[in-house]
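Peer 1: Encoded as structure tokens, here's the structure I'll be asking about.
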Amino acid sequence: MGIDWITVATAAAAALVLVAPLLAVMVRQHRRHARAARTDPLTGLGNRTLLAQAAERVLGGLAGPGSPADPHGDGTRGPAVLLLDLDGFKDVNDTLGHHAGDELLTQVARRLEAVAGADAVVTRLGGDEFAVLLTAPVTTSQAVLHAKRLLAALGAGGFTARDIDLDIAGSIGVAVAPGAGRTVGDLLRRADQAMYEAKRSRAGVCAATAALVPETADGLTTLALLRGAMEHGQLSLVYQPVVEAGTGQLVGFEALLRWQHPTRGVLLPAEFLPLAERTSLIRPLTRWVLLTAVRQAADWRRAGLDTSIAVNVSASVLEPGLLGIVEEALALNSWPAEQLVLEVTESALAADAQEAREVILALSARGLPVSIDDFGAGYTSLGQLRGLPVRQLKIDRQFVTCMLEAPDDAAITASIIDLGHRLGLRVVAEGVESPGTTDRLRDLGCDHLQGFSISRPVSAAAALEAWRSARPTPLP
Ligand code: C2E
Ligand code: CA
Ligand code: CA
């Protein structure tokens, strides 16, 4: 018996007529469920699932070899997670009730949406915790600035619950990919640590310094590769000029470490140094940096560029062995101690770090200028500066970079300059990113400047070249 195609086709059409609306309903339902699964029911913002999906889309491009980090070293640049936690929210819940708390959270959600900008995805992770994903690549200082704007928007007031005006403040932790992590999980974890720090220190905003944890397989591989990197010529130094604020004249270079990783492209110190600092590897690494930097400075001198060189020294190598390494670097290159600046972070000087203080005393007695790096970022009491023979303070760049936009930052910068001068120290501002900031710092009497607006860190050859072309040509 032949198939009656007309009957079949009619039956199929009839079935379709019956099924199609059902399908449409199912698709709509599915979409609704999918949307519900990604939405926070209270505020209507996206939830953690939505954040993960949105982050995956923008972070996908970072996984492969060749990190987008700038080889010349402007720090990490990528999508960022800003994790916001309201301060004192529990009090609102406890005193005014959960309804009031919910009202407030909804208003905060609307405010954040209104100010977060086009390239931002605002989500609520639960409780009084919100996460903002910046999808377009940013530097850490741009992300911090963004976070400060969010806090300023919350601080602007206008929140009410049960007809009571409420003042809102919050703390934000910032994590920028790829330095602080390449997955949303890593970024959230690092942002959470930074947020905790921001709360603890009452700083408002804190940025995660990038770090790989050695406990992970990734960390162990990195350590193993880093061990070989010195012998295989994968490490290099870039140099960033420091100039006199008044005249713009070159006063020296700061040496900054780079690693040409075999698969991940050029890595910034934040991506591998914290790891090295937790192992004995930091000692040979410090030796390599000191010998290389001083040799380079001596080479420049032979080429006519007579300048000082600054090297960063991790807190973990402030031990008597450092003195030997320094002597070796000076002796091998007949380099004067007065022209080798050692930069030590403020946190290395904690009151209990007696050995570190003794090493600084010894270095200083030997004639090396010691500079306190990232000043203002740590929690050292000013009293700990007393009796330490340091030569200069370097204002932490988080205050300098945003000082034109953030009055608090400007006030802190001005106070550090004043404090440094009262203590008879030279004050250096780093993270100078605009001519406007240069002018302001000059007006404030800051001594030396360093930052992208003057020059990014460059190779040794480029540094020499730039100096040659800036030098007035001698008269014939
Ligand atoms: P640092 O000592 O505060 O060095 C300055 C950092 O700021 C450098 O980052 C530099 O590239 C960046 N920078 C310079 N100008 C600007 C600016 O205008 N805006 C912004 N946003 N950033 C600017 P880098 O090279 O990634 O180094 C990060 C940190 O790693 C250094 O911070 C220093 O603490 C550490 N480090 C670098 N090289 C070494 C080293 O050889 N040994 C040790 N122990 N630490 C190092
Ligand atoms: Ca430094
Ligand atoms: Ca610094």
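The values are calculated or read from the model by the stated rules, or taken from the named source; none is laboratory data. The model shown is predicted, which means the values in this text are computed figures rather than measured ones. Note that we place each Cβ from the backbone using ideal geometry, even for glycine, and neighbour counts take in every protein chain shown. The protein model used for the area step is the full one, side chains on, heavy atoms only, and it has no ligands, DNA or RNA in it. Shrake-Rupley method; radii C 1.70, N 1.55, O 1.52, S 1.80 Å.
Peer 1: Failed condition for Arg397, given (1) open to solvent by 40 Å² or more (accessible area, probe 1.4 Å); (2) away from ligand 1 (no atom under 16 Å from the Cβ), with all others met?
Peer 2: Evaluating Arg397 over (1) open to solvent by 40 Å² or more (accessible area, probe 1.4 Å); (2) away from ligand 1 (no atom under 16 Å from the Cβ) leaves (2) as the failure.
Peer 1: Hey, could you check the stretch 126-146 for residues that are part of a strand (DSSP E or B) and under 14 Å from the mean Cα position of the chain (by Cα) and say which is farthest from Ile172 (Cα to Cα)?
Peer 2: Pro137
Here's the yes/no breakdown for (1) over 20 Å from Ala147 (Cβ atoms); (2) within 16 Å of ligand 1 (Cβ to nearest atom); (3) at pLDDT 95 or above; (4) in contact with a Pro (Cβ under 6 Å, 6 or more places away or on another chain):
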{"position": "Ala365", "(1), (2), (3), (4)": "yes, no, yes, no"}
{"position": "Phe375", "(1), (2), (3), (4)": "yes, yes, no, no"}
{"position": "Leu388", "(1), (2), (3), (4)": "yes, no, no, no"}
{"position": "Pro407", "(1), (2), (3), (4)": "no, no, no, no"}
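For every residue, the table says whether it meets (1) modelled with pLDDT of 85 or more; (2) within 16 Å of ligand 2 (Cβ to nearest atom); (3) in contact with a Ser or Thr (Cβ under 9 Å, 6 or more places away or on another chain); (4) open to solvent by 50 Å² or more (accessible area, probe 1.4 Å).
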{"site": "Ala15", "(1), (2), (3), (4)": "no, no, no, no"}
{"site": "Ala52", "(1), (2), (3), (4)": "yes, no, no, no"}
{"site": "Gly66", "(1), (2), (3), (4)": "no, no, yes, no"}
{"site": "Ala69", "(1), (2), (3), (4)": "no, no, yes, no"}
{"site": "Gly73", "(1), (2), (3), (4)": "no, yes, no, no"}
{"site": "Asp87", "(1), (2), (3), (4)": "yes, no, yes, yes"}
{"site": "Leu96", "(1), (2), (3), (4)": "yes, no, no, no"}
{"site": "Leu105", "(1), (2), (3), (4)": "yes, no, yes, no"}
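Peer 1: Here is a further query. Select from the stretch 424-438 the residues that are more than 16 Å from ligand 2 (Cβ to nearest atom) and over 25 Å from the mean Cα position of the chain (by Cα) and list them in ascending order.
Peer 2: Passing the criteria: only Gly424.
Peer 1: Then there's this: Check Phe452 against each of (1) at pLDDT below 95; (2) of a type in the set (A, V, I, L, M, F, W, C); (3) under 18 Å from Gly248 (Cβ atoms) and name the one condition it does not meet.
Peer 2: (1)
Peer 1: Among the candidates Val115, Val122, which residue alone is closer than 20 Å to Pro137 by Cα, part of a helix (DSSP H, G or I), at pLDDT 90 or above and open to solvent by 10 Å² or more (accessible area, probe 1.4 Å)?
Peer 2: Val115
Peer 1: Would you say Ser371 is within 16 Å of ligand 3 (Cβ to nearest atom), open to solvent by less than 30 Å² (accessible area, probe 1.4 Å) and out of contact with any strand residue (DSSP E or B) (no Cβ under 7 Å at 6 or more places or on another chain)?
Peer 2: no
One line per residue, one yes/no per condition, for (1) open to solvent by less than 20 Å² (accessible area, probe 1.4 Å); (2) without any contact (Cβ under 8 Å) to a residue 60 or more places away in the chain; (3) more than 22 Å from Ala255 (Cα to Cα):
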residue: Glu405; (1), (2), (3): no, no, yes
residue: Ala410; (1), (2), (3): yes, yes, yes
residue: Arg422; (1), (2), (3): no, yes, yes
residue: Val427; (1), (2), (3): yes, yes, no
residue: Gly431; (1), (2), (3): yes, no, no
residue: Pro435; (1), (2), (3): no, yes, yes
residue: Arg442; (1), (2), (3): no, no, yes
residue: Val458; (1), (2), (3): no, no, no
residue: Ala463; (1), (2), (3): yes, no, no
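Peer 1: Given the structure, is Val289 in a helix (DSSP H, G or I), under 21 Å from Arg456 (Cβ atoms), within 16 Å of ligand 2 (Cβ to nearest atom) and in contact (Cβ under 8 Å) with a residue 24 or more places away in the chain?
Peer 2: yes
Peer 1: Please go through the stretch 326-368 and give me each residue that is in a strand (DSSP E or B), open to solvent by less than 10 Å² (accessible area, probe 1.4 Å) and of a type in the set (A, V, I, L, M, F, W, C), ordered by number.
Peer 2: Leu340, Leu342, Val344
Peer 1: Can you tell me which residue among Gly179, Gly233 is modelled with pLDDT of 90 or more and within 26 Å of Leu281 (Cβ to Cβ)?
Peer 2: Only one candidate passes the filter, namely Gly233.
Peer 1: Pull up the stretch 248-267, narrow it to residues that are away from ligand 2 (no atom under 15 Å from the Cβ) and open to solvent by less than 40 Å² (accessible area, probe 1.4 Å), then point me to the one that is modelled with the highest pLDDT.
Peer 2: My answer is Trp259.
Peer 1: Right, something else. Regarding Gly387, is this residue away from ligand 2 (no atom under 15 Å from the Cβ), small (Gly, Ala, Ser) and open to solvent by 40 Å² or more (accessible area, probe 1.4 Å)?
Peer 2: Taking the combined requirement at face value, the residue satisfies it.
Peer 1: How about the stretch 272-282: which of its residues are under 20 Å from Glu231 (Cβ atoms) and in contact (Cβ under 8 Å) with a residue 40 or more places away in the chain?
Peer 2: Of everything in the stretch 272-282, those that are under 20 Å from Glu231 (Cβ atoms) and in contact (Cβ under 8 Å) with a residue 40 or more places away in the chain turn out to be Phe272, Leu273, Leu275, Ala276, Thr279, Leu281.
Peer 1: Looking only at residues in the stretch 442-453 that are at negative phi and within 22 Å of the chain's Cα centre (by Cα), which one is nearest to ligand 1 (Cβ to nearest atom)?
Peer 2: Phe452
Peer 1: Another one. Return the residue satisfying two criteria in turn: it lies in the stretch 418-433 and is assigned to a strand (DSSP E or B) and hydrophobic (A, V, I, L, M, F, W, C), and of such residues it is farthest from ligand 3 (Cβ to nearest atom).
Peer 2: Of everything passing the filter in the stretch 418-433, Val427 is farthest from ligand 3 (Cβ to nearest atom).
Peer 1: For residues that are open to solvent by less than 30 Å² (accessible area, probe 1.4 Å) and touching a Pro at 6+ places or on another chain (Cβ under 7 Å), scanning just the stretch 130-149, find the one that is farthest from Arg189 (Cα to Cα).
Peer 2: Among those that are open to solvent by less than 30 Å² (accessible area, probe 1.4 Å) and touching a Pro at 6+ places or on another chain (Cβ under 7 Å), it is Leu134.
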